[in-house]
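A.B. asks: Can you keep this structure in mind? I'll have questions shortly.
The values are calculated or read from the model by the stated rules, or taken from the named source; none is laboratory data. Treat the numbers as computed from the prediction; the structure is a model and nothing was measured. FYI the Cβ positions are ideal-geometry reconstructions off the backbone, even for glycines, and counts take in every protein chain you see. Note: accessible area is taken over every heavy atom of the protein model, side chains too, but ligands, DNA and RNA are not part of it. Shrake-Rupley method; radii C 1.70, N 1.55, O 1.52, S 1.80 Å.
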Amino acid sequence: MRALIVEDQPDLLFALRGMLEDEGYAVDTAADGESGLHRALVWEYDVIVLDWMLPRLSGFDLLKQLRAKKSTPVLMLTARDGVADRVQGLDQGADDYLVKPFDRGELLARLRALIRRAAGESESLLELGQGVTINLIHRKVFRDDVEIVLTAREYSIFEYLALHRGRVVPRTDLYDHIFDENDESLSNLLDVHISNLRRKLGRDVIETRRGLGYIIHSQASSAELVDDASHDSAS
Amino acid sequence: MVELTSKRWLGIPGLWNRFASRSIRGSLVVWVTLLLGAVLLFFAVVLYETNRRLTIERIESELRSFGFSVLANGRFGNRFPTTDGGNRVDRDRHGRDGFERERPIGEPGPPGMIPPEQNSDAAGREAGKPPLPLIADQFPQEQPERRNDRNGPNSRGGGRNDFPPGESFLRNAGPPDFDRRGPPERMYFFVRREETGEIIDRSFDLPEDALAPFPESKLRGPAAIHDPTQSRSVNGRWEVKVFDPSRTRSIVVGRWIQREWDDLQRLLLRTGLIALLSLIIGIAGTWLLARRVLSPLDDISKTVDKLTASTLNQRIDVAPLKTELQALAEVLNATFDRLQAGFERQVRFTSDASHELRTPIAVVLAQTEHALARERSAQEYRQALSACGRSASRMRTLVESLLALARADSGRLQLNCQPIDLLPVVEHAIESIKPKAETNQLKLAAQLTSATVFGDAVFLGQVVTNLLNNAIEYNAPEGMIFVTVTSDTDSARISVVDTGRGMSAEERSHLFERFFRADAARSASGSTGHGLGLAICREIVELHGGKIDVSTELGRGSTFCVVLPLYREVAAKITTEIEADPETINSQTTSE
């Protein structure tokens, strides 16, 4: 998942970045409203953490301009806790609102919920067929109730594909959402991670559509796949 | 307060306390009741008393005339002046007149009457005197009214209306009510006596106590005729004593006054009833009027009552009020405006303060939580701790600033004032800020002269440092800061000139407000300030009796000016204050 943090307090920005990176997010940061808006418009972020009081362009105005073009989930993070402030923020297009000082667990849970909702999911436990399940809260993947240990990057790729299952995810999308702008996105890095995932979870879970991208089938279609696989093995 | 619930009406004890003293309406009604009652009572008394006096005067003048005519005629005929015209033969129900000489023995006279043994008429005739002309003969005769039929055949009906002047008392008297009061002969009586007390003549039905002596008159001579002491009220009748001019004889004439007394009683009753009615109408009218007049007041109080922190934008509707209440409503609205402005300022301050305090707390919490989430390298721990330390020191300066402002607000910011030279103070501030200016690649120049003011060196140094800090933070890259201290006849002036971006008029108007920060500074220097510095500067300068001001031009830079009164200007005043109250000054200096 790729997140943008717009926060003018450098120490807080540093801490937030650390938290999100620990959780496997690819994190971009902006220290003022203008650069924040620029980044938010250029890149496809899965979630934006937005401070309310920002130099150059306030969070309020940033959101207004962003919403004219994009519907990226936005979590407002602000020290203003008045009801009027919250109402104004939410009405302006914020998807959630968190008052400083915040709890790390709550922030991460809210971000997960935002990403999940944006992908049209309501559950935190996704069953992907072939006995593979993914727990979005604990960031764990199971195959036949046995935990498969993945690296943070591998998990991020798998999570993104799982949230967008049933659809073909282009490689560029994966690059955009998995790597932040400081990562060296070598073209074969993604291939390496995918092959690692296949080795750990089984070859059939992630299908390659040559020239298009990757796909994890949604449960209905993956059930057919299982049938096909059993037929194959039978024959 | 103004509105009274009906329940309170039921509590009769303390009605005044609960009702009148706490309600304009109630007290208005009570006061109107009292005033109206007093006025009505006054008029009732005046009316009654006037009537009584007029009645008495009428009776007196009637009796005097009667008495004088008796005196003049030497005797009294068998005619009495009556109230219906005066020339009737008065007879009792047995057909006798009041002066008949032959009375059947054993037949009792009217109660309270003396038997007419000494009837003057008889005496006069026996003495062979020619009968004096009857008094009534001198009076005009009037056509008796129809109801006076029972006057009998002796009645001298006449149609003459040519009353001689001065005798109108007979004419003006109303018709007697025989049915109720009995025959008219009971109304009049007289007794004529020598000064020695010998009775010459008397009426048939003279009351026994009519012979009692009158109180001694203090008047002598003819004036005695009008002597008020020569008339008296005895047991429901009125008597007048008339002297002949030689004062050798007197005549007491009297009449029963029951009818007049009854009339007066009736008048009193009617007056009382009318007064009561007017009072009730007055009270009701006052109540309605008070309600009508005070209903806008109720509306106002309702509006004010509804005014809470969240509905401060409500105002009293002034338009329907066209009376003095409009002025009141306008004053109240203006007060609400100020209240709302103050409230909003307070809300903004609280919001700003909480924002400024929460941000460093958020940093500390986020850093610690993040650092403790899993094992970290020593480098990461060091980073987290230093971020925490920065936040803590930020909080410290913020809290100290807030405390300083709170102290200034409550008047507890204690200055250790003494005559100081501004030159070393400003120099010291410049020295302390120099490294920072050099880091920011700014040129710092100063032109200082000596100027002595009466003030606190520490606080004034803080003001200069604050201004210099701002000049650095808001300056353009490779800009310049120019500090001067000058003095004229009565004031010292510290100016700090920067070559920064300057401020718009909008920014300038909020400059000294708490937590105000020109936006650019936050990004330019990583927001080291809280927006409280200039607010504190202003408090300190104003505590010194000085002024702080700024002239600025967008894009050209700003000039901050602190003007303080020179020491010799304040010296005289301060000295007298010290002489006047050395205790305070001593305690102030020791506590610092």
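A.B. asks: Report, by residue number, each residue of the range A:19-41 that is among the acidic types (D, E), within 23 Å of A:L57 (Cα to Cα) and within 13 Å of chain B (Cβ to nearest Cβ).
C.D. replies: Result: A:D32, A:E34.
A.B. asks: Go through the residues of the range B:313-333 one by one and say whether even a single one is modelled with pLDDT under 80, within 14 Å of another protein chain (Cβ to nearest Cβ) and open to solvent by 50 Å² or more (accessible area, probe 1.4 Å).
C.D. replies: Yes, the range B:313-333 contains at least one residue that is modelled with pLDDT under 80, within 14 Å of another protein chain (Cβ to nearest Cβ) and open to solvent by 50 Å² or more (accessible area, probe 1.4 Å).
A.B. asks: Name the residues in the range B:279-310 that are open to solvent by 40 Å² or more (accessible area, probe 1.4 Å) and among the polar types (S, T, N, Q), would you?
C.D. replies: Answer for the range B:279-310, where residues must be open to solvent by 40 Å² or more (accessible area, probe 1.4 Å) and among the polar types (S, T, N, Q): B:S295, B:S301, B:T308, B:S310.
A.B. asks: Can you run down the residue pairs with Cβ atoms below 9 Å, 6 or more apart or on separate chains, where the first is in the range B:354-374 and more than 11 Å from B:L398 (Cα to Cα) and at the interface with chain A (Cβ under 7 Å from one of its Cβ atoms) and the partner is assigned to a helix (DSSP H, G or I) and of a type in the set (S, T, N, Q)?
C.D. replies: These pairs meet every condition: B:T359/B:S391; B:I361/B:S391; B:A362/B:S391; B:V363/B:S391; B:Q367/B:Q383; B:Q367/B:S391.
A.B. asks: If I go through the range A:164-191 residue by residue, how many of them are outside any loop (DSSP other than H, G, I, E, B) and at pLDDT 85 or above?
C.D. replies: The qualifying residues number 2.
A.B. asks: Yes or no: the range B:443-456 includes at least one residue that is in a helix (DSSP H, G or I) and open to solvent by 50 Å² or more (accessible area, probe 1.4 Å).
C.D. replies: No, the range B:443-456 has no match at all.
A.B. asks: On the given criteria, is A:L128 touching a residue at least 24 places away in the same chain (Cβ under 8 Å), open to solvent by less than 30 Å² (accessible area, probe 1.4 Å) and under 22 Å from B:A373 (Cα atoms)?
C.D. replies: For A:L128, the condition - touching a residue at least 24 places away in the same chain (Cβ under 8 Å), open to solvent by less than 30 Å² (accessible area, probe 1.4 Å) and under 22 Å from B:A373 (Cα atoms) - is not met.
A.B. asks: In the range A:83-109, which residues are within 11 Å of chain B (Cβ to nearest Cβ) and either among the charged types (D, E, K, R) or not in a strand (DSSP E or B) (or both)?
C.D. replies: Result: A:V83, A:A84, A:D85, A:K100, A:P101, A:F102, A:D103, A:R104, A:G105, A:E106, A:L107, A:L108.
A.B. asks: A follow-up question, please. For the range A:2-11, what are the residues that are among the hydrophobic types (A, V, I, L, M, F, W, C) and under 23 Å from A:A152 (Cβ atoms)?
C.D. replies: If the condition is that a residue be among the hydrophobic types (A, V, I, L, M, F, W, C) and under 23 Å from A:A152 (Cβ atoms), then A:A3, A:L4, A:I5 are the ones that fit.
A.B. asks: Kindly provide the set of residues from the range A:42-58 that are in contact with a helix residue (DSSP H, G or I) (Cβ under 7 Å, 6 or more places away or on another chain) and away from every other protein chain (no Cβ under 12 Å), ordered by number.
C.D. replies: Selection gives A:W43, A:E44, A:D46, A:V47, A:I48, A:L50.
A.B. asks: Look at the range A:20-44 and say how many of its residues are within 27 Å of A:E154 (Cβ to Cβ) and open to solvent by 10 Å² or more (accessible area, probe 1.4 Å).
C.D. replies: 10
A.B. asks: Same structure, new question: Being in a strand (DSSP E or B) and of a type in the set (K, R) is the filter here, so list the residues in the range B:546-560 that pass it.
C.D. replies: B:K547
A.B. asks: Also, quick follow-up: Residues B:T449, B:T439, B:T486: which one is modelled with pLDDT of 85 or more, among the hydroxyl-bearing types (S, T, Y) and within 27 Å of A:D11 (Cβ to Cβ)?
C.D. replies: The match here is B:T439.
A.B. asks: Also: Can you tell me which residue in the range A:68-99 is nearest to A:V6 (Cα to Cα), limited to those that are open to solvent by 20 Å² or more (accessible area, probe 1.4 Å) and among the aliphatic types (A, V, I, L, M)?
C.D. replies: A:V99
A.B. asks: Go over the candidates B:L415, B:L423, B:L405, B:L468 one by one and state the one that is over 56 Å from the mean Cα position of the chain (by Cα) and touching a residue at least 40 places away in the same chain (Cβ under 8 Å).
C.D. replies: Exactly one of B:L415, B:L423, B:L405, B:L468 is over 56 Å from the mean Cα position of the chain (by Cα) and touching a residue at least 40 places away in the same chain (Cβ under 8 Å), namely B:L423.
A.B. asks: Considering only residues that are surrounded by 23 or more Cβ atoms within 10 Å (Cβ to Cβ) and within 11 Å of another protein chain (Cβ to nearest Cβ), which ones fall in the range A:6-18?
C.D. replies: Once the filter is applied, which keeps residues that are surrounded by 23 or more Cβ atoms within 10 Å (Cβ to Cβ) and within 11 Å of another protein chain (Cβ to nearest Cβ), the range A:6-18 yields A:E7, A:Q9, A:D11, A:L12, A:A15, A:L16.
A.B. asks: Looking only at the range A:23-66, count every residue that is farther than 29 Å from B:L372 by Cα, of a type in the set (G, A, S) and within 17 Å of the chain's Cα centre (by Cα) and tell me the total.
C.D. replies: Qualifying residue count for the region: 1.
A.B. asks: So A:D173 clears everything in (1) surrounded by 15 or more Cβ atoms within 10 Å (Cβ to Cβ); (2) under 24 Å from A:R104 (Cα atoms) except one condition, right? Which one?
C.D. replies: Evaluating A:D173 over (1) surrounded by 15 or more Cβ atoms within 10 Å (Cβ to Cβ); (2) under 24 Å from A:R104 (Cα atoms) leaves (2) as the failure.
A.B. asks: May I ask you to say which residue of B:R266, B:R255, B:R249 is under 18 Å from B:V191 (Cα atoms) and open to solvent by 70 Å² or more (accessible area, probe 1.4 Å)?
C.D. replies: B:R249
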